[in-house]
Structures are given as C-alpha cells and as structure tokens.
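The values are calculated or read from the model by the stated rules, or taken from the named source; none is laboratory data. Predicted, not measured: the structure shown is a model, and the values here were computed from it. Please note: Cβ atoms are built from the backbone with ideal geometry, for glycine as well, and neighbour counts cover all protein chains shown. These area figures cover heavy atoms from the full protein model, side chains too; ligands, DNA and RNA do not enter into them. Shrake-Rupley method; radii C 1.70, N 1.55, O 1.52, S 1.80 Å.
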Amino acid sequence: MLKIGLINRISIRRRFTVSYFTTGKTPFNLSNTDGKDDKYKELNSMYVDMFTPEGDESETVSNPNNNKSELEEINEEMNDLCNIGYKKISSQDLQSITKSPGRFILQSLSHNPYYNLSLEDYIFRNTPSCTGSFTNQRLLFYINDNCAVMGKNQTSWKELHLKQLQESGYEILRRLSGGGAVIHDLGNVNYSFLTARDEFKTSYFNELITQWINRMSPMDYPLKLNKRGDITYNDKKCSGSAFKIAKGKAYHHGTMLISAQLDKFHGLLKPDHINGVEWECNSVDSVRSEITNIPFNAPGEFIDLCIKGFREEFALMTGANDSVPVYYCDETSTMNTQIAETMELLSSDQWKYFTGPKFKVKSTETNKTISVEKGIIRQSDFPGIVGKPFKDIFDKNPQELEPASLRRFISLLY
C-alpha cells in the first residue's frame with residue numbers, strides 16, 4: 001500500500017513537450033560539445049481540466065509508437081495531477097542558483113529525457129569552481145520516459161537493438177558522458193552528484209546511498225557495492241553509473257531501479273556476441289549484468305531518503321545548521337538558450353549516429369568487412385555502399401539491399 005506522503009512522487013508517464021524541435025535556429029559545432037482502467041478516465045481528465053489554465057495552447061506530440069498498458073495510461077493522468085502544487089523555479093532562478101556558490105538539490109518534474117540530460121549538462125557547465133575547499137556540491141534527480149541511453153563513446157549498432165527499440169516506442173539518446181548503455185522507464189530514478197574534480201571518487205556517492213538506505217530503510221537484503229562500485233541488491237545489479245570530469249569539476253550520474261518494468265527490457269540491449277558478426281572498435285562496451293528492482297513503494301521514496309541523507313551528510317561535514325535547499329523545475333519553467341541548444345543536439349541524428357568511435361564490422365559468413373568512421377562507410381568488401389551513411393544502409397528495407405549476403409548480414413545487426 002502506498003504511503004500517503006509519497007503520492008506526490010508516484011512514478012508515472014507523461015507525454016513530453018517537443019516544441020523545442022521546431023525552433024530550427026541553432027547551429028552546432030559538434031567537435032566542441034564537451035564545452036569544454038478506463039473507469040478512472042473521466043475523473044482524471046476532470047482534475048487535469050480543473051488545473052489547466054484557460055488559453056493554454058502548448059502543443060504536445062505523442063509518440064506514434066504508443067504501446068502503453070492500461071496502468072501506464074492511468075499513471076500518465078495521475079502525473080499531471082500529482083505534479084500540481086510544486087513550486088517550480090523559473091529560468092532566471094535556475095541561472096542564479098546554478099551560477100552562485102553553495103549547495104542545492106534539484107528535482108526535475110519532467111520525464112523528457114532530452115530536457116533532463118540537457119538540464120544536467122547545464123548545471124555541470126555553470127556550477128562555479130572553487131579555489132580551496134569546494135562548497136558547491138549539487139544533487140539532481142530526474143525520471144525519464146521510455147528511452148535507451150548509450151555512452152558518448154559507444155557504437156549504437158553494437159550496443160542496441162535499434163529496430164526493436166524504435167518499434168517499441170523508445171527514444172534513443174547518446175549522452176554527453178561515458179559509460180555503458182542503459183534502459184530507462186518511469187520506475188527508474190536517475191541521480192546526479194556534482195563535486196570538485198580533486199574530491200571525486202567513482203564509488204563515493206554510491207557508498208553514501210548504500211549507507212543511507214541500509215540505515216534509514218533496511219530491506220530483506222542490504223544494498224552492497226560490487227567490485228566495479230555498482231550498487232547491488234541480493235547480488236543483482238540495481239544501479240549503474242557513468243561519470244564526467246572537466247574544468248575542475250566532476251559528476252557521477254547513476255540509476256536506481258525501483259519499479260521498472262524489467263520484463264520489457266529484454267531484447268533491447270544486445271548481448272556480448274551475436275553469431276555471424278565480429279566487431280573491431282575502440283568503443284566502450286556495456287557490462288551485461290542480471291538486474292533487479294529494489295523493494296521500495298515508489299521512486300519518490302528513494303528520492304526522499306537521498307535528500308535526507310545528503311542534507312545530513314553535509315551538515316555533519318560543515319557543522320552548518322541550515323538545510324541544503326531543494327528546488328523543482330521542468331522544461332516549461334526553466335527553458336533557456338543553452339538547454340534548448342543541448343536538447344536539439346541530443347535529439348539530432350548527427351549526434352546519435354554520426355559521432356562516436358570508428359569501427360569495423362565483419363560478416364563471418366562471407367569474411368567481408370565494412371569500415372565506418374563518423375557514421376560514413378569508408379571501406380567495404382560489399383559493393384556499392386562506400387561513401388554512404390551506415391545508418392541509411394541499416395534503415396533500408398532489407399529487400400532493397402543487394403547482394404543477398406549484405407542483406408543477411410545487415411539483418412543480423414538489427
């Protein structure tokens with residue numbers, strides 16, 4: 001049974017606004033991205049209408065590949081209701097608190113993965129560095145709608161079953177940090193801890209999370225860290241991590257599986273080996289692990305515990321009595337030029353499929369190889385495809401590919 005105090009944070013689905021795609025105003029320098037039950041329908045709709053201002057003509061676009069369950073539909077309506085009442089900061093507020101010294105906690109109420117990753121990048125870029133003791137630690141939480149997120153230095157065709165993801169309605173993103181490929185849904189909380197480069201340690205924040213949860217909300221099995229620093233529950237992985245270090249700062253972002261629909265994750269990430277295919281590349285390989293949810297009532301329970309733990313941790317470290325402030329936001333309240341530009345970059349095919357390391361992929365049936373650099377086929381033992389985008393070959397109707405050996409080979413990569 002859900003605790004009443006958690007109702008505001010029930011993890012639910014919402015179609016995300018994509019008006020930023022229509023601006024078409026921003027040029028990009030890709031080489032510089034581092035920056036250096038129907039029975040509830042009438043009731044739920046009544047509440048949404050009740051709290052929607054007149055004249056609100058914001059355009060939302062639903063995913064055409066909509067495979068939502070009845071529960072997900074109800075959750076979507078609940079989300080619009082439950083997010084009412086949060087006092088969201090404005091874009092000016094976001095700029096001010098981010099560029100000013102001091103610690104804070106920020107929770108995004110949006111489920112738009114493009115916005116959430118761009119918000120994370122904005123905070124990272126604009127947090128001031130410190131000389132001496134670093135006092136600008138920041139903690140960010142967000143929950144993404146269905147998507148697959150790969151690391152910056154990964155090869156999408158090697159890591160992801162792209163066709164299955166697209167047909168199942170998942171967005172595909174390449175993040176701005178490293179690490180492996182992961183699947184997100186509304187039962188998966190993302191956290192991001194920012195600190196100074198000199199104080200950065202890959203396992204530090206996961207160690208804190210395990211301590212906080214084991215102390216404040218003990219479960220049947222304690223949370224532990226494996227040799228890689230990932231959080232495990234009952235010897236199964238429940239959290240993955242990635243990192244970024246630049247300009248004297250570092251962040252650790254991770255995931256925590258709470259109520260993720262793990263049965264839907266099967267067949268979305270590729271296994272280590274597929275018969276008939278050999279890869280030669282320097283991309284980062286994802287680490288395949290058995291995964292599980294932790295037995296919390298809702299994602300918000302995890303967020304609340306981490307907020308409490310974070311505040312206590314830094315009160316002990318500094319001796320300060322004032323609590324670390326908590327802010328809330330979404331893309332409608334905090335959109336600015338930098339976030340919009342990063343969203344467009346992350347959503348572009350250029351960033352998703354024409355960056356990343358060069359690679360060779362070989363058909364063991366024919367011993368023929370295709371070499372790809374920046375998404376373009378540079379050399380091929382198959383005729384007629386040199387100079388073409390690899391994505392175009394991959395996206396073609398298989399019946400249009402000739403010869404038959406190429407058709408068979410590309411089908412293995414789906």
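Along its principal axes, what span do the Cα atoms of the range 286-364 show, with the longest given first and each in whole Å?
Largest to smallest, the principal-axis extents are 62, 40, 28 Å.
Which number gives the lysine pairs in the range 177-305 that have C-alpha atoms under 13 Å apart and are eight or more places apart or on different chains?
Value for the range 177-305: 6.
Taking Cα centroids, how far is the range 220-295 from the range 84-146 in Å?
The two parts, judged by their Cα centres, are 24 Å apart.
Taking R0 as 60 Å, what FRET efficiency do you get between Cys130 and Gln399 from their Cβ-Cβ distance, rounded to the nearest 0.05?
0.50
Any chance you could run the full-extension gain for Lys360 through Met216? It's 0.36 nm times the residue separation minus the Cα-Cα distance, nm to one decimal.
Residue separation times 0.36 nm, minus the Cα-Cα distance, leaves 46.9 nm.
Taking a quarter of the surface of the Cα convex hull of the range 91-353, what do you get in nm²?
Convex hull of Cα atoms, orientation-averaged projection: 14.6 nm².
Can you list residues whose amide H is under 5 Å from Leu269's amide H, if they're 5+ apart or on another chain and H is modeled 1.01 Å from N?
Answer set, sorted by chain and number: His161.
How much of the accessible area of the range 134-208, in percent, comes from carbon and sulfur atoms when a 1.4 Å probe is used?
Reported share for carbon and sulfur atoms: 42 percent.
What pairs from Lys163/Lys358; Lys152/Lys308; Lys158/Lys391 go past 24 Å between their alpha carbons?
Check vs 24 Å cut-off fails for Lys152/Lys308.
7 Å from Cα along Cα→Cβ at both Asn275 and Glu313: what's the point-to-point distance in nm?
Here the answer is 4.7 nm between the modelled labels.
By its C-alpha gyration tensor, with a ≥ b ≥ c as the square roots of the eigenvalues, how is the range 359-412 shaped: rounded for a/c under 1.5, else prolate for a/b larger than b/c, else oblate?
It comes out oblate by the Cα gyration axes.
What is the calculated FRET efficiency for Glu373 to Glu167, with r their C-beta to C-beta distance and R₀ = 30 Å, to the nearest 0.05?
0.60
Using the per-residue mean of other Cβ atoms lying within 10 Å as a proxy for protection, in what order, highest first, do the peptides 215-228, 116-129 fall?
Final packing ranking: 116-129, 215-228.
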